[in-house]
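Student: Would you mind keeping the following structure in view while I ask a few things?
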Amino acid sequence: MKKIPNWLLTVISIIVGLGVWYLLSSIPSIGAILTTPGKVLSSFFKEVSSGRMWSNVSTSLLRVLGGFSLGLLFAIPVAFAMAWYSLVRAIFDPWIQFFRTIPPIALIPLVIVSQGVGESAKISVIFVATFLVMVISIFQGVRNVDPTLIRAARVLGAKDKDIFLEVIVPASFPYILVGIRLGLAAAWTTLVAAELTGANKGLGNMIMEASLYFRMDVVILGIVVIGIIGLAMDKFVLFLERRLTGWQEIRQS
């Protein structure tokens with residue numbers, strides 16, 4: 001029996017999902033909240049034609065990418081230093097584990113009081129959320145590097161700098177990409193919560209304003225758009241992973 005291509009399975013899955021959505025929305029008690037795909041699509045065209053959609057998407061994207069970039073910029077050196085030096089790990093690990101158990105959303109009131117409701121406040125909350133997620137993932141990746149490779153490099157006369165650049169970084173690179181995927185997901189989750197507390201633009205603000213007027217088609221539209229953008233970002237990182245870590249598959253085979 002011929003195997004069904006993955007892309008075809010994906011298409012079938014989307015069609016079935018849309019069908020289930022339509023059937024659920026046709027039930028009166030559910031349809032009052034879960035509007036039909038047709039109404040959501042109609043709202044999409046209205047938001048696009050008015051220019052509000054692109055304004056909200058671009059604003060949210062800038063916030064996500066800003067906070068995420070800062071989180072990644074700090075997470076990589078901190079994670080590598082914690083994994084490489086026990087002194088650094090002893091200093092930073094308790095604080096990272098402490099704040100990791102606190103939902104970043106809980107920090108929003110403190111950030112608003114200290115920074116107001118401007119862009120810096122939202123980016124700061126996203127930074128905290130993404131940093132904590134990525135630093136743990138990257139740290140575990142560095143710690144899981146095969147010690148045999150490190151010992152072999154030392155026997156061959158490699159210095160710490162050479163071991164770090166030639167052994168540690170390449171071996172832990174897949175974990176960095178995993179951390180990036182988790183960080184992007186955390187960034188979107190935190191962004192929506194931050195925008196719900198005070199913003200005049202953004203997808204989270206669009207959802208909040210629509211809910212006040214019980215425009216459930218726009219609420220669902222905002223949720224769908226966030227999901228699509230998040231999925232596209234995740235697929236892009238997976239594409240980079242296949243392109244940049246193909247040498248590991250060759251080595252393992």
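The values are calculated or read from the model by the stated rules, or taken from the named source; none is laboratory data. Source: prediction; values computed, not measured. Glycine also receives a Cβ, built like all others from the backbone with ideal geometry; neighbour counts cover every protein chain displayed. The protein model used for the area step is the full one, side chains on, heavy atoms only, and it has no ligands, DNA or RNA in it. Shrake-Rupley method; radii C 1.70, N 1.55, O 1.52, S 1.80 Å.
Student: Pairs only if they're at least six apart or on different chains, beta carbon under 7 angstrom, first in region 19-43 and of a type in the set (Ser, Thr, Tyr), second in a loop (DSSP other than H, G, I, E, B); list them, first residue then second.
Tutor: These pairs meet every condition: 22/36; 25/34; 25/35; 25/36.
Student: Kindly indicate which of 73, 8, 62, 41 is in a helix (DSSP H, G or I), at pLDDT below 90 and surrounded by fewer than 16 Cβ atoms within 10 Å (Cβ to Cβ). Explain how you work it out, then say what you get.
Tutor: Details: 73 fails: at pLDDT below 90; 62 fails: at pLDDT below 90; 41 fails: at pLDDT below 90.
So the residue among 73, 8, 62, 41 that is in a helix (DSSP H, G or I), at pLDDT below 90 and surrounded by fewer than 16 Cβ atoms within 10 Å (Cβ to Cβ) is 8.
Student: Name the residues in region 20-38 that are within 29 Å of the chain's Cα centre (by Cα) and open to solvent by less than 60 Å² (accessible area, probe 1.4 Å), would you?
Tutor: 21, 34, 35, 36, 37, 38
Student: Assuming residue 98 fulfils every condition listed in (1) surrounded by 14 or more Cβ atoms within 10 Å (Cβ to Cβ); (2) part of a helix (DSSP H, G or I); (3) not polar (S, T, N, Q) apart from one, which condition is it?
Tutor: Just one mismatch for residue 98, condition (1).
Student: Pick out the one residue from 191, 196, 184 that is assigned to a helix (DSSP H, G or I), closer than 16 Å to residue 133 by Cβ and at pLDDT below 85. Steps first, answer last, please.
Tutor: Working: 196 fails: closer than 16 Å to residue 133 by Cβ; 184 fails: at pLDDT below 85.
One residue alone meets the criteria, 191.
Student: Looking at residue 113 and the list (1) closer than 20 Å to residue 203 by Cβ; (2) without any contact (Cβ under 8 Å) to a residue 40 or more places away in the chain; (3) among the aliphatic types (A, V, I, L, M), which single condition is not satisfied?
Tutor: Condition not satisfied by residue 113: (1).
Student: For region 114-176, give me every one of the helices (runs of 4 or more DSSP H) that falls completely inside it and has 3 or more residues that are aliphatic (A, V, I, L, M). Please lay out each step first, then the result.
Tutor: Details: elements: 119-143, 147-155, 160-163.
By residue number, 119-143, 147-155.
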